[in-house]
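One structure is given below, encoded as structure tokens.
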Amino acid sequence: MAHFCVNCGTELVPRMVDGREVEGCPRDSFILWHDPKVATAVVVESGDGVVLGRRAIEPGYGLWCLPGGFVNADEDPAAAAVRECLEEIRAEVELTALLGVFHIAKTEASSMVGIAYRGRLVAGSSPQAGDEMLEVGVFRVDGLPALAFPSHRAVLDEYVRFLAQLAAGAPRRGAVMAPRGTPPSRPQGKPRSRRTR
Ligand SMILES: [Zn+2]
């Protein structure tokens, strides 16, 4: 399918950049990058289980998933995770650890980078189904229902390993939460014609 420049509307043509064939504008510096999408998922602890929602939308209608979703362009991933918890399970959640970063390969679309957190309900907050959920439930990790996404299974497996390491008193590799609220590293401005991969 033909693609067109967002600056001038000219049809893009193949161009080699850093050894990759991409589509670029023949009249200006625009290049159509196919970046991975960034998404979050949160393992929200409640009692001796974790909170899952049963999906009221496709994909995965009727199956269960962790709260989470796509990160907006200007959003701190941790803030996006908290926002998605408010929207999907209508609960205020405090993130307590970074569980991991997951590559989710796609064949028909850009791949995804999944950022998974451990979280807990803020005191007085109890989960309820948001607009995209049929219901919410709390499940022990040894009794999980059918999940909508293999990546959420991988996150929950990592969560189980995380708990086992905590119980064994082992230090976690790389599980420090990134500092929050750091300003943009450069001002918003003209897009660069090239960037380092
Ligand atoms: Zn152009």
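The values are calculated or read from the model by the stated rules, or taken from the named source; none is laboratory data. Model, not experiment: these values are computed from the prediction. Don't worry about glycine lacking a Cβ; one is built from the backbone with ideal geometry, like all the others, and counts go over all protein chains shown.
Key figures for this structure:
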read-out	value
Options Ala78, Ala91; residue that is away from the ligand (no atom under 16 Å from the Cβ), assigned to a loop (DSSP other than H, G, I, E, B) and either among the β-branched types (Val, Ile, Thr) or touching a residue at least 40 places away in the same chain (Cβ under 8 Å) (or both)	Ala91
Condition met for Arg27 (on the phi > 0 side of the Ramachandran plot and assigned to a loop (DSSP other than H, G, I, E, B))	no
Subset of the stretch 1-32 [touching a residue at least 40 places away in the same chain (Cβ under 8 Å) and within 16 Å of the ligand (Cβ to nearest atom)]	Val17, Ser29, Phe30, Ile31
Val113 being closer than 24 Å to Leu32 by Cβ and surrounded by 14 or more Cβ atoms within 10 Å (Cβ to Cβ)	yes
Flag if His103 is over 25 Å from Gly47 (Cβ atoms) and in contact with a strand residue (DSSP E or B) (Cβ under 7 Å, 6 or more places away or on another chain)	yes
Residue identified as modelled with pLDDT under 95 and aliphatic (A, V, I, L, M) among Val160, Val136, Val155, Val176	Val176
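Every residue, every condition in (1) within 30 Å of Ala97 (Cβ to Cβ); (2) of a type outside the set (A, V, I, L, M, F, W, C); (3) not assigned by TED's automatic domain parsing to the domain that holds Ala148, yes or no:
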residue: Gly9; (1), (2), (3): no, yes, yes
residue: Arg15; (1), (2), (3): no, yes, yes
residue: Val44; (1), (2), (3): yes, no, no
residue: Gly47; (1), (2), (3): yes, yes, no
residue: Gly53; (1), (2), (3): yes, yes, no
residue: Gly69; (1), (2), (3): yes, yes, no
residue: Asp74; (1), (2), (3): yes, yes, no
residue: Pro77; (1), (2), (3): yes, yes, no
